[in-house]
1. What single numbered condition from (1) more than 14 Å from chain A (Cβ to nearest Cβ); (2) more than 17 Å from B:I11 (Cα to Cα) fails to hold for B:A120?
2. If I ask for residues that are over 30 Å from A:R21 (Cβ atoms), within 10 Å of chain A (Cβ to nearest Cβ) and of a type in the set (S, T, N, Q), which ones from the range B:150-186 would you list?
3. Under 6 Å between Cβ atoms, at least 6 apart or on separate chains: pull out the pairs that start in the range A:12-38 with a residue that is closer than 14 Å to B:E182 by Cα and more than 7 Å from chain B (Cβ to nearest Cβ) and end on any residue that is at pLDDT 85 or above and surrounded by 13 or more Cβ atoms within 10 Å (Cβ to Cβ).
4. Please work out if A:R85 is surrounded by 14 or more Cβ atoms within 10 Å (Cβ to Cβ) and either of a type in the set (A, V, I, L, M, F, W, C) or within 22 Å of B:R179 (Cα to Cα) (or both).
5. Restricting the search to the range B:71-117, which residues are of a type in the set (A, V, I, L, M), at the interface with chain A (Cβ under 8 Å from one of its Cβ atoms) and over 29 Å from B:R152 (Cα atoms)?
6. Restricting to the range A:50-76, and then to whatever is more than 8 Å from chain B (Cβ to nearest Cβ) and charged (D, E, K, R), can you tell me which residue is nearest to B:M100 (Cα to Cα)?
7. Condition test on A:T72, is it crowded, with 20+ Cβ neighbours inside 10 Å and of a type in the set (V, I, T)?
Amino acid sequence: MSWKEKLQRFQELVNEFYEGRHRGALAREKREEDDLFMLLVFSEMMGVPNPASYYTLELLPILYDEFHEWHTRMGMDKSPLEHFRCC
Amino acid sequence: MSRSPLDEREILFVGGKGGVGKTTTASALALQAAERNRKILVVSTDPAHSLGDIFDVSIGNREREILPNLWALEIDPDRQVDAYLAGVKATMREFVRPAMFSEIDRQMELTRQSPGAVEAALMERMAQLMEEGRRSYDQVIFDTAPTGHTLRLLTLPEIMAAWMDGLLKGRDRSDSLGRAVERLSGRRRERSGDSPPKEEGEESERTGDELSWFQQVDESPGDERGRKIREALLARRRTFSRARRHLLDPDITAFILVLIPEKLPILESRKAVDVLRKHRVPIAGMVVNRVLPGESLGDFLESRRSQEEEYLAQIEALFGDLDPVRIPLLRRDVDGLEGLREVARYLEPFSSPSRATS
């Protein structure tokens with residue numbers, strides 16, 4: 001490896017370190033945004049009145065696996081909603 | 001502020017307290033316009049429909065031509081809810097194990113029973129009719145349920161649009177965060193050798209590569225879900241914001257309040273006018289129904305008349321700017337086409353070009 005290649009490699013590692021941190025932060029933020037969205041769609045089932053619940057019902061099938069992923073990530077083996085079971 | 005006469009508005013709402021003659025007024029206006037060679041749709045939104053009874057035909061949940069140029073529809077929100085839930089249920093079944101089917105059925109049944117569902121379905125159908133009706137008819141006349149209900153139907157689009165906007169904003173943020181993550185990962189992939197190695201001097205082609213990241217991102221499976229959610233939300237939002245825009249446009253929509261010269265209908269109309277004005281819904285006029293006729297009536301009715309005069313004075317004081325139109329108490333209750341034509345003659349002032357809207 002020439003000094004030029006070594007320098008390039010070093011630069012890549014620095015970039016990777018820097019971007020990796022941001023990637024993690026961004027991914028976390030996206031996940032939180034998605035969780036919030038899902039909870040809003042499910043809000044009526046959790047006892048929070050939602051004027052749009054009838055209209056967002058059609059989103060349930062799309063969010064189905066996201067919901068499963070959410071409750072397992074939150075440390076709940078089974079769906080916490082009595083009226084909405086996924087596993 | 002002078003506006004086009006009522007005939008030229010594409011959407012009319014007839015509202016008021018129960019039993020004051022909303023359906024009669026709506027039907028008379030519809031018949032009059034249809035007999036003037038305009039294609040009219042009259043829609044009943046009250047769950048206890050009486051539109052069919054007044055024309056002596058059965059109408060139901062489908063638009064039906066009951067007289068030349070006159071179409072009628074009695075919205076059945078329950079059937080609307082059923083159809084919608086059946087659709088959701090069918091999609092749902094594609095996503096879950098068969099063992100869960102009964103769970104889904106149970107949940108859909110609960111939603112059916114939830115208090116907002118029927119109202120939400122009615123609301124949606126009205127919004128659709130305001131859009132489609134404008135295209136297929138010269139005028140759509142809504143005979144609405146008692147005032148309280150109607151006011152809610154009128155203000156709901158605003159609440160709904162705010163809610164949908166909130167959800168869409170969340171989606172936007174999530175999508176752009178997702179793109180940023182994908183972009184960073186894409187850069188890493190490229191560096192670690194997934195993309196073809198670059199020769200020196202190929203710097204200029206990097207821009208092309210950057211575009212290909214975006215294309216890649218657009219087709220990723222996570223995005224497919226985001227796209228579906230966004231489309232569903234946007235379609236709803238569009239329907240509601242259009243309905244709202246039409247509702248508030250005085251060149252398209254007019255609201256007519258019906259009341260009788262008695263205490264409770266006057267009080268309720270006052271509340272209705274306040275709320276409608278607060279939401280800037282154009283009120284085009286008022287019908288004072290069942291006013292005692294001028295001829296001598298005998299002791300009993302004369303004493304009622306002296307009280308009625310107070311109420312009429314109140315109506316004039318409260319709603320004078322709406323230019324109330326009076327319909328006298330008729331010898332027989334309104335039944336059949338002749339009766340409706342008689343009522344329509346008293347509603348003639350609505351067609352005069354000088355009427356103002358407040």
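The values are calculated or read from the model by the stated rules, or taken from the named source; none is laboratory data. Here the structure is a predicted model, which means the values were calculated and not measured. In this analysis, Cβ positions are derived from the backbone assuming ideal geometry, glycine residues included, and neighbour counts consider all displayed protein chains.
1. If we test B:A120 against (1) more than 14 Å from chain A (Cβ to nearest Cβ); (2) more than 17 Å from B:I11 (Cα to Cα), just (1) comes out false.
2. none
3. Cβ pairs passing all conditions: none.
4. The answer is no for A:R85.
5. Hits for the range B:71-117 are B:M92, B:V96, B:M100.
6. Taking the range A:50-76 and keeping what is more than 8 Å from chain B (Cβ to nearest Cβ), we get A:67-76.
Within this subset, residues satisfying the condition of being charged (D, E, K, R) are A:69, A:73.
Numbers: A:E69: 17, A:R73: 21 Å.
Applying the filter and picking the extreme gives A:E69.
7. No; evaluated as a whole, the condition is false for this residue.
Residues checked against (1) within 12 Å of the chain's Cα centre (by Cα); (2) over 27 Å from B:A117 (Cα atoms); (3) at pLDDT 80 or above:
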{"site": "A:K4", "(1), (2), (3)": "no, yes, yes"}
{"site": "A:E16", "(1), (2), (3)": "no, yes, yes"}
{"site": "A:R23", "(1), (2), (3)": "no, yes, yes"}
{"site": "A:E32", "(1), (2), (3)": "yes, yes, yes"}
{"site": "A:L39", "(1), (2), (3)": "yes, no, yes"}
{"site": "A:F42", "(1), (2), (3)": "no, no, yes"}
{"site": "A:L57", "(1), (2), (3)": "no, no, yes"}
{"site": "A:E69", "(1), (2), (3)": "yes, yes, yes"}
{"site": "A:R85", "(1), (2), (3)": "no, no, no"}
